[in-house]
Amino acid sequence: NFEEAYSSFSNALAFRPGDTTITYYAGLSAINAKNYKGGIQQYENLIKTNFSANIQIYLDLSRLYTMEGDTAKAITIAAEGATKYNDSQLATQEIELSLMSGKQKQVIERILAQITLDPKNKLEHFYLGIAYDALKEFKKAEDAYKKAIDLDSNYFDATLNLGSGILNNGIDLYNKANTLPANKQKEYDAAMKAAFVEFDRAFPYLDKAVKIDPKSLNALQNLKTYYVIKKNTAKVAELTKQISAL
């Protein structure tokens, strides 16, 4: 009974004003009751505190504003949280919402400005990669991810995105080759060769991502896809076992 729960938690705040746990449950109850305005109000109160789960609260609050049709506020909240906590999920949310809102130029300019101010901040290069990825400017995305990895050789998110981006490009080439008619053998051979060049280029990043985080489902699945393409049944079986163990 989410509506009654929301009412009860809200009343409790009269006796324990500012209690972050009660505020959180009041917001959560409101959201489950589809009282999004009530949820927003409680979560807005929470982000002004040092609540332990505020990164998730910022993320949920940004999504709530999106659901209410206030994309501008959703972007502002995501940007505020990303800056406050240096969090990649919130930065991704800000970038994706900005791109969806047709603000491609603005978001890229903002990231580039931050890079100018702090060129050794790996996160900004990573965010730039995400932005270019979303715009399907894959060469620029690849360069941005590589720069982030240059700054931190064990940067998992950038390594994962770079490997999967190159892998996907290879898969696209592979699929296009298979749409060619039988009388286009030379074109088919050239396209297949280009696809496998991409697969081999992706491998070091796919492999490194698993080594950095052997419990990442995405990393394991990407590497398994590579070995499926390469018809390495032993490695496919090994990775399937690792994935099942998760």
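A short reminder: the numbers here are calculations on the coordinates, not readings from a lab. All of these numbers come straight from a predicted model, not from anything done at the bench. Glycine gets a Cβ as well: all are built from the backbone with ideal geometry, and neighbour counts include every protein chain shown.
Side notes on the structure shown:
- Sparse-neighbour loop sites [trypsin sites (Lys or Arg not before Pro); region 189-225; at most 16 other C-beta within 10 Å; DSSP]: K215
- Region 174-208 versus region 116-158: alpha-carbon centroid distance in Å: 26
- Straight-distance crosslink candidates among lysines, where the alpha carbon sits under 18 Å from K105 and sequence neighbours closer than 8 are dropped: K136, K139, K140
- Taking Cα centre as origin and charging only the Cβ of basic (Lys, Arg, +1) and acidic (Asp, Glu, -1) residues, the dipole magnitude of the chain rounds to 740 debye.
- Region 113-186, Cα convex hull volume normalised per residue, Å³: 97
- Cα gyration tensor shape of region 165-246, rounded if a/c is under 1.5, else prolate or oblate by comparing a/b with b/c: prolate
- Phi-derived couplings, Karplus 6.51 cos²θ - 1.76 cosθ + 1.60 at θ = phi - 60°, listed residue by residue for region 121-138: 8, 4, 4, 5, 5, 4, 4, 4, x, 4, 4, 5, 4, 4, 8, 6, 9, 5 Hz, with x used for Gly and Pro.
- Neighbour net charge for T71 - beta-carbon separation under 13 angstrom, K R +1, D E -1: -1
- Cα-projected label distance for A72 with E137, points at 7 Å along beta-carbon direction, nm: 2.6
- Rg over Rh for the chain works out to 1.09, using Cα positions for both radii and the Kirkwood form for Rh.
- Using the Karplus relation 6.51 cos²θ - 1.76 cosθ + 1.60 with θ = phi - 60°, the per-residue 3J(HN,Hα) values for region 200-205 come to 5, 6, 6, 3, x, 6 Hz, with x marking Gly and Pro.
- By average C-beta atoms within 10 angstrom, highest first, the peptides 4-17, 53-66, 123-136: 123-136, 53-66, 4-17
- As a calculated quantity, the FRET efficiency between A12 and Q41 at R0 = 25 Å, using C-beta atoms, amounts to about 0.95.
- Packing-based ranking, highest mean first, of 39-47, 235-243 given that Cβ atoms within 10 Å are counted: 39-47, 235-243
- Here the spin labels are modelled as points 7 Å beyond Cα on the Cα-Cβ line, and at A194 and K84 they lie 4.7 nm apart.
- Taking 0.36 nm per residue of separation and subtracting the Cα-Cα distance, full extension of the segment from T233 to N154 would add 25.6 nm.
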